[in-house]
Amino acid sequence: MTNPELEHVLEWAAKAPHAVDVEVLERITRQVSGSLRPVRILPSEATIRLVLFLILVLVSIGGATCLGFGIDLWKPASPILWVVAVLGPQTATLTAAAMVPGSRKRFEPHVMLLSCTAAFAALFAVFTRDYRLDHFFSEGIVCLGLGALFAAAAGFLIWLVLRRGCVLDPPAAGISAGTLAGLAGFAFLELHCPIQKAAHLMVWHTAVIALSGLAGFRIGRFAQDLGTKRRAAEFMQ
């Protein structure tokens, strides 16, 4: 569109009648003024990332300290824990970006969730040589329950951080936060669980990350739908 064409459109719009219902204007004014809140200054994104990663560390180590360590701390750390130390900060970065509008995202949240789940399943297949299936369900349900419990605890703490920001895409933020919480539950199991059977680790331990990420998505979608309904109700008042 050229400048003369744009000027013509603006002139035409200025001459057009603009009779607007007064009740509609008042309704819009009430909706806008009612949603105004004082702005809270957020910490830097680096600080938020650090806090989120510390939640992962404290929940996993704190849980293992309370319920007991299933690994020998004097031996070199498991390769799995080294991978947690790499993926944890990446997931914390993605979660921090979800609460700061305009932040750049290196990965999509669902890609991070799939990457974490697939990476740990592959590592267990490579580094574990015990392929027994005895007590598969009885042992697995216990680990899944404990991992989900500590993932929920981490998720609550992560939510306390997220609610201070401005989350524009609740489902995506839910996946990121859920994946980070799942990593906390997963890391706790790696520190606490003495079982070193490949199938047990690949299915039950890794499932904590997958289920936590999916739960975060569902909670985010619910929050988004609830916010949409609330705004629609306020507009109709």
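None of the figures in this text is laboratory data; all of them are computed from the coordinates on show. Quantities reported herein were computed from a predicted structural model and do not represent experimental measurements. Cβ sites come from the backbone with ideal geometry, for glycine too, and all protein chains shown count toward neighbours.
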Open item on the list: Along the Cα→Cβ direction, 7 angstrom out, place labels at Asp169 and Ala119. What is the inter-label distance in nm?
Closed with: 2.0
TODO: Give me Lys229, Lys105, Lys197 ranked fewest to most by other Cβ atoms within 10 Å of their Cβ, as a rough exposure proxy.
DONE: Lys229, Lys105, Lys197
- [ ] Return Ile219, Ile209 ranked ascending by Cβ neighbour count within 10 Å, so the fewest neighbours appear first.
- [x] Ile219, Ile209
Open item on the list: Taking the number of other C-beta atoms within 10 Å as the exposure measure, put Trp204, Trp159, Trp82 in order starting with the fewest.
Closed with: Trp82, Trp159, Trp204
Open item on the list: What does the extension gain come out to for Val51 and Ser138, with contour length at 0.36 nm per residue minus their alpha carbon separation?
Closed with: 27.8 nm
Task: Arg106-Leu67 FRET efficiency (beta carbon distance; Förster radius 30 Å; 0.05 resolution) - done: 0.30
